[in-house]
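Take a look at the structure set out below.
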Amino acid sequence: MKKGLPLFKELALRDDAFGEGHTLCPGCEEAVTFHALGRATDNGKKTVLVMGTSCGEVSTLAYPTGVAWGRGREEPDQVEKSVGVIHHVFESAPTVAEAIRDTADLLAGVGAWSGPPPNVVSWSGDGGALAIGLRSFLHTIHRRARVALFVNINELFANTGFQYSPTGIPFGDASTLPGGGPAEPIDHIGLSLVAGAGFVAQVSPGFAPLFAEIVDEALRCETTAVVFVPSPCIAGWKFEEGMTAELGRLASKTGLFPCFRKRAGQPGEILHVPADRRPPVNEYLARQRRFDHLVRLEGDLPVVRAGREPEVAAIQAYADRNLARLSRLAAL
Amino acid sequence: MESTARRLVPPYGATYDGSIDLDALRAAHRPRFLERTRKAVDGNTAAAIPFLQWWRAAIVAGFPITPATKWLEHLAAEVARGDARGKRVKLLESEHAVADYIAGVAAACRGLVVGTATSSVGLDHMTESIRSLGASGLGNVIVVDVCRATANYPLCIEGDPSDLLAHRDDGFIQVVCRGVQQIYDTLLQLPAIGMDPRVLTPTMPSYYGIKDSHRSGALVIEPDAEVNGFLDDALRTAEGTSPLVEDFLAAEGAAHPTPPGLLDGDTALGSCVTSDWFQGFKLAQKQRLSAAHRVIAEVATAFEARFGRPGLSPIELHGFDQRPEIALVCMGPDAGTAIHLLGRIRDQLGVRAGVAVVRLLTPFPTVDLAAALAGVHAVGVINNAHHHGRGHLTLDVEEAIAGRTAPVEAFFCGLGGADVSTTTWLAMARTTAEAAARGRAGRRWRLVHEGLEIGGEDLR
């Protein structure tokens, strides 16, 4: 299996299943993720994509003009190039994906499906997987379903107008929680591991070679693979154009959403967090207006607003504990 | 993969013929019954047996809830015996997950039949997904509802159809059964109706909890070869049938296609639309549901020809050959008591009565019922579930006979699965006969229990 940059280059040359017609915001990280998924699934296997209700769904699966999924301008000649995509209800994508895998396996078991096992990919927002959809998400993992669960984490319910999400870092402004609150993000990686996932990773497509590796490994996983994709939301976070990939990288470097990879039964690893010059969280916060009540930029320097030092310190403390916690999880 | 051929199904995408070899699944099926067999079974078992017999029912899913649990337990036990190659019972963590799961199976391969059984708040818990399924076009879904009162406060686990009636608008074809033979025979016919390309609507067979789910009776089980032959023949006959309604999505002049599945197709299901497009989708859903009336008649005729028992009838009529003066319209197992009492009603009350038992709840057989009630002087409608007004069934009956002068008395009885006793039936018949003599209903609604009118509301 190729690694890193060579794999990224190889995937870039494959037929993409994600194309024109989507209405994602300019600067949205999801489009980058979808292109990577669209290319990685061009691997000689039929692809079925299940989408929970989310930005990614409403912006790429709009009849009749906005269905952005499918390889080529016309339906391909080979079933292995084809894509079946379904949106069911908000929180159900993992369960629906599991059903599709079971159906394919059962048909294969009696000789009714003779092709290679299909790629079955579930796509959820962080609300769809970790708030309203936590039941579906955990139980599909618990049953060890052979599906790849991708969860877009933009720390908000972006699709419905940037409401509070349990994945949000503390004190981020949300439409239902102005100024944010002290609750720390739900331990989505820990939950996935203890539920029994075979492969758990967190990575932003801002780290393109690593992202290619992880997507490829998730599709190859023989049990449940879970990939969390921290995804800067230009509309909800309110940052300057051109900062999407950089913010995705900063989320990792600060320790707030570090790149992480662990295979069941093997030591995990935390990646793209500099050990010696880890940037403070206010480098990350200051570039998003959802934290404008805490930190602002003066030139290129973050400045904590007077009286808001405790909140920023609390976020920094969370980032520190988060790294320590992920280190413990990696050692499991 | 073996040779596949792309077949365009505009505007749904493409199907890859040959990518799924359903003949292989058919060949893997191990028949449960090689010849016609008579067994004593309860209602839940009668509803489970077809899923063991259909080669298309490769996967069933479930989550236990009283009084439907035996359906799941029976299937799990049979499959666990190990002689069910090509079958799987999937246990999930909640009813909502079950509904999501069967949507996935049904969408993955539209040639399969996939089902579950639930009840009461279990059906309520499925609601979000069930309502989506109802609009999905996935006619290969069967949700068996074992009727039980919904809404705790107070909890009551006996059977009344408040769950079924609360889900009238979920988009399913809803059929009410009574007795094990009717349950079994109805199940055999429903996929032929729901999967017909003119209908493509999921189905919800139902029977009352406890009274029918747990009561045993003699069941004639048909051999698997006949059960599967009936369904295969029906689907083969229906394939490419001229559309009954205009499919606003299909190309002009195209026959009704079954859209591609996710595994064997290049397609998208469940897309977003603007409200402009939504109108067309909803119109098509309504038209497909309406088309079920005609398809039910075709399937029922074929069923009777093959098996020698009556096919699914939208309404059962009893005593209507005697030109009844009053009619009692009801559904569910307590109808049997009323039918048994027809002679006594005539003798004691001096009135000829007929009993109309509603089988097809959705889409409601308005035309058939109107024809049946054409000559009666008053109608008593028996409702077994809580309703804010005169009763779910009353509203449908009143619509069916709108413009007629026959008064309609609305009764509630058997709530929470209570027995509808002979004294209750006689009291309701007497009240209906009085309305016929008076030419108008006496009260807006009445609650009758053990022959006593224990509550009601006067007309305003």
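The values are calculated or read from the model by the stated rules, or taken from the named source; none is laboratory data. Here the structure is a predicted model, which is why all the values come from computation and not from measurement. In this analysis, Cβ positions are derived from the backbone assuming ideal geometry, glycine residues included, and neighbour counts consider all displayed protein chains.
Only one residue in A:V227, A:V194 is modelled with pLDDT of 95 or more, of a type in the set (A, V, I, L, M), touching a Leu at 6+ places or on another chain (Cβ under 8 Å) and under 25 Å from A:R144 (Cβ atoms), so which one is that?
Result: A:V227 is the single residue among A:V227, A:V194 that is modelled with pLDDT of 95 or more, of a type in the set (A, V, I, L, M), touching a Leu at 6+ places or on another chain (Cβ under 8 Å) and under 25 Å from A:R144 (Cβ atoms).
With B:A48, B:A68, B:A40 as the choices, which residue is under 16 Å from B:E222 (Cβ atoms), in contact (Cβ under 8 Å) with a residue 24 or more places away in the chain, among the hydrophobic types (A, V, I, L, M, F, W, C) and more than 14 Å from chain A (Cβ to nearest Cβ)?
Exactly one residue qualifies, and that residue is B:A48.
With the checklist (1) out of contact with any Gly (no Cβ under 7 Å at 6 or more places or on another chain); (2) away from chain B (no Cβ under 14 Å); (3) over 26 Å from B:G265 (Cα atoms); (4) not in a loop (DSSP other than H, G, I, E, B) in hand, flag the one item A:N152 doesn't pass.
Against the list (1) out of contact with any Gly (no Cβ under 7 Å at 6 or more places or on another chain); (2) away from chain B (no Cβ under 14 Å); (3) over 26 Å from B:G265 (Cα atoms); (4) not in a loop (DSSP other than H, G, I, E, B), A:N152 comes up short only on (1).
Pull up the range A:86-96, narrow it to residues that are more than 7 Å from chain B (Cβ to nearest Cβ) and not aromatic (F, W, Y), then point me to the one that is surrounded by the most Cβ atoms within 10 Å (Cβ to Cβ).
A:A93
For B:A61, state whether it is within 9 Å of chain A (Cβ to nearest Cβ) and not β-branched (V, I, T).
In short, yes.
Just checking, does the range A:52-60 include any residue being modelled with pLDDT under 95, surrounded by fewer than 24 Cβ atoms within 10 Å (Cβ to Cβ) and within 7 Å of chain B (Cβ to nearest Cβ)?
Yes; the residues of the range A:52-60 include at least one that is modelled with pLDDT under 95, surrounded by fewer than 24 Cβ atoms within 10 Å (Cβ to Cβ) and within 7 Å of chain B (Cβ to nearest Cβ).
Of the residues A:S114, A:S122, A:S82, only one is among the hydroxyl-bearing types (S, T, Y) and touching a residue at least 40 places away in the same chain (Cβ under 8 Å); which?
The unique qualifying residue is A:S122.
Could you tell me whether any residue of the range B:387-404 is over 19 Å from B:P314 (Cα atoms), of a type in the set (A, V, I, L, M, F, W, C) and buried (at least 20 other Cβ atoms within 10 Å of the Cβ)?
no
So which residues in the range A:208-239 are part of a helix (DSSP H, G or I) and either of a type in the set (F, W, Y) or surrounded by 24 or more Cβ atoms within 10 Å (Cβ to Cβ) (or both), if there are any at all?
Listed by number, the residues that qualify are A:F211, A:A212, A:I214, A:V215, A:A218, A:G236, A:W237.
Check whether at least one residue in the range A:64-85 is modelled with pLDDT under 95, crowded, with 24+ Cβ neighbours inside 10 Å, over 26 Å from B:S19 (Cα atoms) and facing chain B (nearest Cβ under 9 Å), and report yes or no.
no
Are any residues in the range B:80-102 surrounded by fewer than 22 Cβ atoms within 10 Å (Cβ to Cβ), modelled with pLDDT of 95 or more and more than 7 Å from every other protein chain (Cβ to nearest Cβ), and if so, which ones?
Once the filter is applied, which keeps residues that are surrounded by fewer than 22 Cβ atoms within 10 Å (Cβ to Cβ), modelled with pLDDT of 95 or more and more than 7 Å from every other protein chain (Cβ to nearest Cβ), the range B:80-102 yields B:V89, B:L91.
Among the residues of the range A:114-131, how many are farther than 20 Å from A:E80 by Cα and within 10 Å of chain B (Cβ to nearest Cβ)?
0
Go through the residues of the range B:393-406 one by one and say whether even a single one is part of a strand (DSSP E or B) and in contact (Cβ under 8 Å) with a residue 24 or more places away in the chain.
Looking for residues that are part of a strand (DSSP E or B) and in contact (Cβ under 8 Å) with a residue 24 or more places away in the chain, one finds none in the range B:393-406, hence no.
Criterion first (β-branched (V, I, T), in contact (Cβ under 8 Å) with a residue 12 or more places away in the chain, assigned to a helix (DSSP H, G or I) and buried (at least 21 other Cβ atoms within 10 Å of the Cβ)) does B:I382 satisfy it?
For B:I382, the condition - β-branched (V, I, T), in contact (Cβ under 8 Å) with a residue 12 or more places away in the chain, assigned to a helix (DSSP H, G or I) and buried (at least 21 other Cβ atoms within 10 Å of the Cβ) - is not met.
Residue-by-condition table, conditions (1) at pLDDT 95 or above; (2) in a loop (DSSP other than H, G, I, E, B); (3) of a type outside the set (V, I, T); (4) within 11 Å of the chain's Cα centre (by Cα):
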| site | (1), (2), (3), (4) |
| --- | --- |
| B:C156 | no, yes, yes, no |
| B:D170 | yes, yes, yes, no |
| B:Q174 | yes, no, yes, yes |
| B:L235 | no, no, yes, no |
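Within the range A:5-26, does at least one residue satisfy the condition of being in contact with a strand residue (DSSP E or B) (Cβ under 6 Å, 6 or more places away or on another chain) and on the phi > 0 side of the Ramachandran plot?
Yes: one or more hits.
Counting only residues that are in contact with a strand residue (DSSP E or B) (Cβ under 8 Å, 6 or more places away or on another chain) and in contact (Cβ under 8 Å) with a residue 24 or more places away in the chain, which one in the range B:18-37 is nearest to the other protein chains (Cβ to nearest Cβ)?
Among them, the one singled out is B:F33.
Kindly list the number of the only condition in (1) surrounded by 24 or more Cβ atoms within 10 Å (Cβ to Cβ); (2) part of a loop (DSSP other than H, G, I, E, B); (3) more than 10 Å from every other protein chain (Cβ to nearest Cβ) that fails for B:V143.
Here B:V143 meets the rest and fails (2).
Taking the residues in the range A:255-272 that are over 18 Å from the mean Cα position of the chain (by Cα) and not small (G, A, S) as candidates, determine which candidate is surrounded by the most Cβ atoms within 10 Å (Cβ to Cβ).
Applying the filter and picking the extreme gives A:Q266.
Can we say A:G111 is within 7 Å of chain B (Cβ to nearest Cβ), in contact with a Lys or Arg (Cβ under 8 Å, 6 or more places away or on another chain) and at pLDDT 95 or above?
Considered against the rule, which asks whether it is within 7 Å of chain B (Cβ to nearest Cβ), in contact with a Lys or Arg (Cβ under 8 Å, 6 or more places away or on another chain) and at pLDDT 95 or above, A:G111 comes out as no.
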